[in-house]
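Each value in this text was obtained by applying a stated rule to the coordinates, not by laboratory testing. Note that the coordinates shown come from a computational prediction; the quantities given were computed from them, not determined experimentally. All Cβ positions, glycine included, derive from the backbone under ideal geometry; neighbour counts span all protein chains shown.
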Amino acid sequence: MTWSDWSWVLPEAFSTFSDDVDLIYYVILWVTGIIFVITEGVLIYFLVKYRHKEGRKATYDHGSTKLEIVWTTATLVVCLALGIVSKGVWDTMKIDVPEGAMEIIVTAQQFEWHVTYPGPDGAFGTADDFEVLNQIHAPVDEPVWIHLRATDVLHSLFLPEMRVKQDAVPGRDIPVWFEATATGEYTVGCAELCGIGHTTMNGTLTIHTAADFQAWATAQAQRPRP
Amino acid sequence: MSTTEKDIASAVDAGGQHDHHEIPWIRKYVFATDHKMIAKQFMFVSLFFLVVGGALAGMMRFQLGFPGQPMPGAGILPDAMMAPTPDGAIMLPEFYNSLVTMHGTIMIFFAIMPLLVGLFGNLLIPLQIGAEDMAFPRLNMASFWLAVPAGMLMLASFAVEGGAAGAGWTSYAPLSTSGEWTGVYLGQQLWLVSLTILGFSSLVGAVNYITTVINMRAPGMTWFRIPLATWSLFVTAVLVLLAIPILAGALIMLLFDQTIGTGFFRSDVGGEPLLWQHLFWFFGHPEVYILILPAMGITSEVLSNRARKPIFGYHSMVLALISIGFLGWIVWGHHMFQSGMNPLLGTSFMISTMAIAVPSAIKTFNWLGTLWKADIHLDVPMLHALSFVSMFIIGGLSGIFMASTPVDIYIHDTYFIVAHLHYVLFGGSLFAIFAGITYWFPKMFGRMMNEPLGKVHFVLTFIFYNLVFFPMHNLGLQGMMRRIYDFTQYDFLQPLQPMNQFITLFAFALITTQVLFVINFFWSISKGEKAGNNPWHSNTLEWTVPSPPPHGNFAQMPTVFRGPYEYSSPESDDDFLPQTTPPRDGPGPSSGVPEPTPTPEGAEA
Amino acid sequence: METGEEHKSPPYMTVFVVLAALTVAEVLFALLFTGLPKFWMAVGLIFMAVWKAVLVAMYYMHLRFEPKRLWILVASPIPLAIILVVVVIQEIF
Amino acid sequence: MTTITADRAPMAGMKVYHLKLGMWVFLLSEVMFFTGLIGAYVILRFAHPDAFGEPGVVLNVPLTAFNTFVLICSSVTMVKAFAAIEQNDQQGLQKWLLATILLGAFFVGVQAWEYTLLTTEGFVPMAESYHAIARGAAEGSEVIGGPLYGATFYTMTGFHGAHVSIGVFCLCFTLWRARKGAYTAGNLGGVEIMGLYWHFVDLVWILLFTIVYLI
């Protein structure tokens, strides 16, 4: 085990909103870190300073309303501030799916991800749709809109390097979107306990350059299917 | 007063036993109606379950530390759990899922909850408010004897075909609705039935606590003279009373889905999978506070006493308790941010969640304030109480990460959550339980627990505990999911192997350390040094009676003249001032209550 | 003072008549006015149902003659019930 | 010990005796229990309106309306019993308790009969074998709604029925004790809390009947 394992730094991420998420994380990390140091520091200081000595009597004191008000409001302000900061990013990630995003359907079922592409005609439910198993392929710098579905139980689509996580609920079509900022091979995981094979339910997310993606898509579309 | 005859009547119906001639041992030790005995019964049973839960955790940790390697000595387990191979037995994923589920279920419902509510609720409430017993002693007995079969069923489910429940302690539908999906059939149903029975047990208990606290306070025990332990247990009882029935309803619907093929939570039969999560967490979040509020109360009690100083801001402590009790009902959605729930609700739930952080913070600051200019005695109960405070700070602060919805997207269902909840439930509740047991042990058994041994146990537990659970934050931040049988299946998680081994080794150390507590516990019951009525020089009523208190607790009705935390008061030469001490220039209790009428002994029920 | 004893026996029969009448009214309303929009149908029926429920609680369960603090206790779970249903319904849409 | 409560009285508490307070507290939890069930029904019905039949199409409203009336009558007999013991009228107490028991048992009986009718018509909670026919139409002619309808219907009414049945047993116990003269004008706690429970069950049915049968 190396010291880097103890790191509180988030692993690198490659989506348009990942920086905002990480920023909020680091803000919270600093805020809570400072509070942590202060409170625990005060605690230890008091333990040392006011530990029992013969003949010393504790101060008879029932507290102070002023202090109560101060730290109540302080905490409230800090918490609500964090809440407000978070709201914007949350809306971007979960609500505002960008216009003209490339649409694909990801259907989770024990214990694999079925990824359906609309094919050349760009429409689902047509003959030229094609499906790949446990692989999501997407072009870089282009928003991808995943229609997340499930056929049996709850699963959770987890793309750590994209900072994306969303449960797949049978009977619902949940919009998930991301826009990768770098090409490469990334992880697709299942984060919701979905049965005996839960642990094996992983795949790869491949981010191509626009050209490579076109090539891959056409190749897939022509691939004879059973 | 025209209620009087009715009161008598009700007392008859309530059937409390207080005849002071000898009670047959079966009524005294087995089917006991004395709240102190029932408290002890709860304690022994749930300490047993604590051991079971720890053992399950140990097996889980082994699999995570040494994935797919044969577990020494596991050959004795049936092949349905451990696949036998030439070089030893290897854990099966279905058994791992059962371990995850049952560790959570047993620890929450059969260890922490009965320890906090069953043990301390029964022991403290009547003693601290000056009552002779609970309002309904027989119901109290029923509460315990419903919990026992529930526990038996839960354990039995390991032995049945298909193994124990494997859908997580949250038992999310639709996974939990069908054995075709979990691979668990009867086990899942036993899980549901067991929890339903336990629900009845908790309900009966809650009815008892609430009635007792409202109606049976000794003269002068006004609401704002009630010790914080009892206050917290009262709020807890209200949460239990209103939350458990929701769970019971959901459990029964889920049971129907499994057995007779209804489709409440199955979309393929027209139901709503998310409905289960809403019902479960509408119960589940109050449940979280059921598991922490009594711990807070115990901590306040011990802290104020061992610091020989009045609790800082008693009123704001009480108000914080109450506001937690209210706010606890409108934050359940923060368990469901990634569940597919309407994202707009996500925001409102985030705000309410941020709001509920405030009362917890208030309590923490008040505990720190209590230590300010205090006279701190660092003995075992105090050490545990202090570690409750410091661990609860960590658990509380790490909660803010999840409260922030975008950050939660990344850390949800990762080990960061596991770390957080263990900092609250182990670092929080369990340390408070250790504090409470060592603090009230003399009241329960008339003897002190061994101090040096207790200190050794504390130090080791504290160190190992942090070495086990703190790194889990980092695992989570690296993206390691929870409830995962073999994380090495993911390439990006393989570097975490050493960290997991590190955690596992110290987890074993942590579990082993608890042997010290068991030894200390049983040794002290018989050999511990005799404790007087009031070894801690405490103010609250339970310390005015002999240890252990006799049947019926108080020789004559105590009258309360002051608050519970009058330590180092200038009014007394000593550094404590019991609630029963009349004011020097005192007329009587401020509420001006009449003197109690003497109690005729041995009246027949 | 308020101990639940010091009241004349409440108008049990009158309440009973009202309850019976409301029940009949409900059934007729539901079966005859089928033309009504579902929403107003529901509102009317629930109004009558709640009215009946309150009557039972007030007179048959003697709540009317109990101390105020008991009222507070009894009312406590109702907001929770409403929160649960309202929030989850929003969620489903 | 019988006077604990008497001399505990100084802290006025709830100003009602333990048993009554305890019963009310218990009823609060019952409220939450039915909140869970009824709430689930309302939510599911909002989510899947087409899965539920129009009032009177599948369920037999007139029969149940009559049954509702029976339950209301049983509430009256129950309060009569309480009023009787308030006047220390033992005969009246036993007479009215008996009447309540009979009415309650009758209610359960009618409900059981209703269940058998509905199931024979194919209105069952199970997902597999589900089909419901329109009242009065030919066997299996018209299928209404989905499995949720049956599931929620039987769960809610079933649990209410269970509460009534338990109530009937408790009433029998109360009657048995009344015959032994256990209750007097000064000691009617048992009767009063029995009444509280019984009226609560009635109250729940009033809401259930409206929500399940009429809306």
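How high is the FRET efficiency between B:Leu505 and C:Ala21 when r is their beta carbon distance and R₀ equals 60 Å, given to the nearest 0.05?
Working: r = 75 Å, r/R0 = 1.26.
Result of the calculation: an efficiency of 0.20.
Rounded, prolate or oblate: which fits the stretch B:37-527 when a ≥ b ≥ c are the square roots of the eigenvalues of the alpha-carbon gyration tensor, with rounded for a/c under 1.5 and prolate only if a/b beats b/c? Here the stretch B:37-527 falls in the rounded category.
Rounded to the nearest whole Hz, the Karplus-based 3J(HN,Hα) values (6.51 cos²θ - 1.76 cosθ + 1.60, θ = phi - 60°) of the stretch C:46-58 follow the sequence 5, 4, 5, 4, 5, 3, 4, 4, 4, 4, 4, 4, 5, with x at glycine and proline. Take the Cα of B:Ala80, step 7 Å toward its Cβ, do the same at C:Ile46, and the gap between the two points is 4.7 nm. Other protein chain C-beta atoms within 10 Å of residue C-beta, averaged over A:157-169: 5.
Taken along the Cα-to-beta-carbon direction at a fixed 7 Å, the label points for A:Phe124 and B:Glu161 span 4.0 nm.
Report the FRET efficiency, 1/(1 + (r/R0)^6), for B:Arg27 and B:Asn533, where r is their Cβ-Cβ distance and R0 is 35 Å, rounded to 0.05. Could the numbers behind the result be given before it?
Values: r = 26 Å, r/R0 = 0.75.
The pair B:Arg27/B:Asn533 has a calculated efficiency of 0.85.
Which shape class, rounded, prolate or oblate, goes with the protein assembly as shown when its Cα gyration tensor gives a ≥ b ≥ c as root eigenvalues, a/c under 1.5 marks rounded, and past that a/b bigger than b/c marks prolate? Because a/c hits 1.5 or more and a/b fails to exceed b/c, the protein assembly as shown counts as oblate. Measuring from a point 7 Å past the Cα of A:Ala211 along Cα-to-C-beta, which residues in the stretch A:110-127 have an amide N at less than 12 Å? Residues passing the 12 Å test: none.
One Cα centroid belongs to the stretch B:375-395, the other to the stretch D:12-61; the line between them spans 44 Å.
Neighbour counts of other Cβ atoms within 10 Å put A:His155, B:His422, A:His52 in the fewest-to-most order A:His52, B:His422, A:His155. Around the Cα centre of the protein assembly as shown, unit charges on the Cβ atoms of Lys, Arg, Asp and Glu (plus for the first two, minus for the last two) sum to a dipole of about 3500 debye. For chain B, the longest principal axis of the Cα atoms and the long axis of helix B:186-215 meet at an angle of about 20 degrees. The spacing between the stretch B:152-209 and the stretch B:530-584, judged by their C-alpha centroids, is 44 Å.
Rounded, prolate or oblate: which fits the stretch B:333-405 when a ≥ b ≥ c are the square roots of the eigenvalues of the alpha-carbon gyration tensor, with rounded for a/c under 1.5 and prolate only if a/b beats b/c? Here the stretch B:333-405 falls in the prolate category.
Mind sorting B:Glu529, C:Glu91, B:Glu161 by how few other Cβ atoms lie within 10 Å of their own Cβ, fewest first?
Values: B:Glu529 12, C:Glu91 22, B:Glu161 9.
In order of increasing Cβ crowding within 10 Å: B:Glu161, B:Glu529, C:Glu91.
Taking a straight line from the alpha carbon of B:Lys28, these aspartates and glutamates sit under 15 Å away, with near neighbours fewer than eight places off in the same chain left out: B:Asp19, B:Asp133. Projecting label points 7 angstrom from Cα along Cα→Cβ for B:Phe326 and D:Thr120 puts them 5.6 nm apart. Given the options A:Ile84, B:Asn342, D:Ile193, identify the residue whose Cα lies farthest towards the positive end of the charge dipole of the protein assembly as shown (+1 on Cβ of Lys, Arg; -1 on Cβ of Asp, Glu). With unit charges placed on the Cβ atoms, the residue in question is D:Ile193.
Peptide packing: for D:184-191, B:39-46, A:97-104, the average count of neighbouring Cβ atoms within 10 Å per residue gives the ranking B:39-46, D:184-191, A:97-104, highest mean first.
With R₀ fixed at 25 Å, the C-beta to C-beta distance from A:Asp61 to A:Val37 puts the FRET efficiency at about 0.45. Annotation: lysines with alpha-carbon distance below 26 angstrom to B:Lys373 (same-chain offsets under eight excluded): A:Lys49, A:Lys53, A:Lys57, A:Lys66, B:Lys309, B:Lys363, B:Lys455. Each of B:Lys36, B:Lys443, A:Lys49 was scored by other Cβ atoms within 10 Å of its Cβ. Arranged with the fewest first, they read A:Lys49, B:Lys36, B:Lys443. For the stretch D:14-214, the dipole from Cβ point charges (+1 on Lys and Arg, -1 on Asp and Glu) about the Cα centre works out to 920 debye, to the nearest 20.
What's the longest uninterrupted piece of chain D once you rule out the GluC sites (Glu not before Pro) that are loop residues per DSSP with at most 11 other Cβ within 10 Å? Walk me through the intermediate numbers first.
Working: sites that count: D:Glu128, D:Glu139.
Counting only loop sites that pass the neighbour cut-off, the longest clear stretch is D:1-127.
In summary, the lysines within cross-link reach of A:Lys165, defined as a Cα separation below 19 angstrom excluding same-chain residues under 8 places away, comprise A:Lys87, A:Lys94.
Hey, got the dipole for chain B? About the Cα centre, +1 on K and R Cβ, -1 on D and E Cβ, debye to the nearest 20? The partial results should precede the final answer.
On the way: 24 positive and 36 negative charges, 150 e Å.
In debye, rounded to 20, chain B gives about 720.
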